[in-house]
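Below is one structure, written out as structure tokens; the observations come after it.
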Amino acid sequence: MNLEKEDIVRLLSSTGDEEQALLDKALSCKLEHLDNKVHLRGLIEYSSRCSKDCLYCGLRRSNSHATRYAMTDEDVVNCALQAMELHYGSVAIQCGERSDKAFTDKIAHLCREIKRVSDGKLGITLSCGEQTEEVYRQWKEAGAHRYLLRIESSSRDLYYKIHPHDDCHSFERRISCIETLLRLGYQTGTGVMIGLPFQTLDHLADDLLFFKRMGVAMVGMGPFIPHPDTPLWEYHNQIPSPEDRLRLTLKMIAVLRLMMPKINMVSATANQTINPRGREQAILAGANVIMPNLSPSDYRKEYLIYPDKPCVSDTAQQCASCLDLKLKLTGHEVLYDEWGDSLAFTSAQ
Ligand code: SAH
Ligand code: SF4
């Protein structure tokens, strides 16, 4: 569906019956194009070391309270074996951003190891930040086929309100990385945080139009959760309430589903921080991907991008059975043992 900016802003401001009608329409649209299957990416939170200083994130390099770790190769391989055992068809490696060669070679090595121990069966999504074209190519050759790099805000102005103004944080570079990923043939995903300080419905409508214009195959959007050890905490009383941030996230997902019926859309874990049913609510609003955590719990509690992360003390096993049950209750089914590629990507090939 082609929506103009004014239509999008109107839908994002809907309340009551109109809001419910939007969510219902998005669910029907998803069921029509993608069926009731929910794709899984087992999340491996590889490392909390980060060279960037994003003003919203607990892993920013200036946060001296953050505990820094990197998993060993063996830890990562064990996560992959766990994914196989739980019949997840796919894993996602996420971490703080680094660009040194030891790091970029390590990610390539880990991709090869995951492919080796799974006999090529596990799909690999990476979310390891901005890199050169050469590194993105190296990682693709090592076996990664999907990449998530959120633009965070498609408004240059807002981007620089939530990132420092320095060479390390460039809006143009972020866009150019997304373009490179698309050109290299990755199934490419982007996204934004919702409910940021200074963010308006106009910004959010522009974000949705940006995703469509870029022609990405995947989108991950989630509510902003203020972190007390970051500069943006200062504004935590001036942003919408947690419930309103979640509602706005659900409406963003619903509108985007109508605009881009075939893309893969992630229900962010941050939804669950706000409401225990938040993850399922996003599935009912049009999302079709969930990233259950595979990280051992010792690491989980240190990977604090935002506070009050859910399920930090659960095992991967507990996450798997809880998820299966919760999704069945919403009339959805988990797609096991498959990569779950984006139909927007495969049908464009
Ligand atoms: N370093 C990589 C991947 C890890 S961060 C990167 O930045 O791309 C993954 C995502 O977490 C970010 O894209 C951001 O959108 C989200 N995030 C960071 N801080 C957050 C917060 N306080 N609330 C909600 N989401 C946050
Ligand atoms: Fe680092 Fe990513 Fe957090 Fe920015 S959002 S500080 S790049 S982990």
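The values are calculated or read from the model by the stated rules, or taken from the named source; none is laboratory data. The structure displayed is predicted, hence computed values, not measured ones. Cβ atoms come from the backbone with ideal geometry, glycine included; neighbour counts cover every protein chain shown. Keep in mind that these areas ignore ligands, DNA and RNA; they rest on the heavy atoms of the full protein, side chains included. Shrake-Rupley method; radii C 1.70, N 1.55, O 1.52, S 1.80 Å.
General remarks:
- Inter-centroid distance (Cα atoms) of the stretch 293-349 relative to the stretch 126-167, Å: 22
- Length released on extending from Ser28 to Glu134, taking residue separation times 0.36 nm less the Cα-Cα span: 34.0 nm
- Put simply, the amide H of Asn36, placed in the peptide plane, has no neighbours under 5 Å, leaving out anything fewer than 5 places away on its chain.
- Set against the 2.2 N^0.38 Å expectation for a compact globular protein, the stretch 89-155 has a Cα radius of gyration ratio of 1.11.
- Helical contribution to [θ] at 222 nm, DSSP H n ≥ 4, -39,500 (n - 2.57), averaged over the chain, rounded to 500: -13000 deg cm²/dmol
- Accessible area per residue for the stretch 1-142 is 44 Å², calculated with a 1.4 Å probe on protein heavy atoms, without ligands, DNA or RNA.
- Under 21 Å from the Cα of Lys30 - lysines, other chains or at least 8 residues apart: Lys212, Lys251, Lys262, Lys326, Lys328
- Farthest toward positive dipole pole in the stretch 180-268 [+1 Lys/Arg, -1 Asp/Glu at C-beta], among Leu250, Leu184, Leu232: Leu184
- Extending 7 Å from Cα along the Cβ direction at Ser313 and again at Asp298 yields two label points whose distance is 1.8 nm.
- Over all projection directions, the Cα-based convex hull of the chain averages an area of 15.6 nm².
- Compactness of the stretch 179-282 - radius of gyration and Dmax, Cα, Å: 14.2, 42
- Here the chain has 51 percent of its accessible surface on carbon and sulfur atoms, given a 1.4 Å probe and all protein chains in place.
- Base-10 log of normalised Debye intensity for the stretch 1-137 (one unit scatterer per alpha-carbon) at q = 0.15, 0.21 Å⁻¹: -0.90, -1.12
- Straight-line cross-link partners of Lys140 among the aspartates and glutamates, defined as a Cα under 18 Å from its Cα and at least 8 positions apart when in the same chain: Glu97, Asp100, Asp105, Glu113, Asp119, Glu130, Glu179, Asp341.
- Once both labels are positioned 7 Å from their Cα atoms along Cα-to-Cβ, the gap between His65 and Arg49 label points is 2.4 nm.
- Alpha carbon centroid spacing (whole Å) that separates the stretch 212-284 from the stretch 1-59: 6
- The loop-placed trypsin sites (Lys or Arg not before Pro) in the stretch 50-103, going by DSSP, that have at most 13 neighbouring Cβ atoms within 10 Å of their Cβ come out as Arg68.
- Averaged over its residues, the stretch 201-337 has an accessible area of 38 Å² per residue, based on protein heavy atoms and a 1.4 Å probe.
- Extent along principal axes [Cα atoms of the stretch 286-341; Å; largest to smallest]: 32, 23, 22
- The charge dipole of the chain, taken about the Cα centre with unit charges on the Cβ atoms of Lys, Arg (+1) and Asp, Glu (-1), comes to about 280 debye, rounded to the nearest 20.
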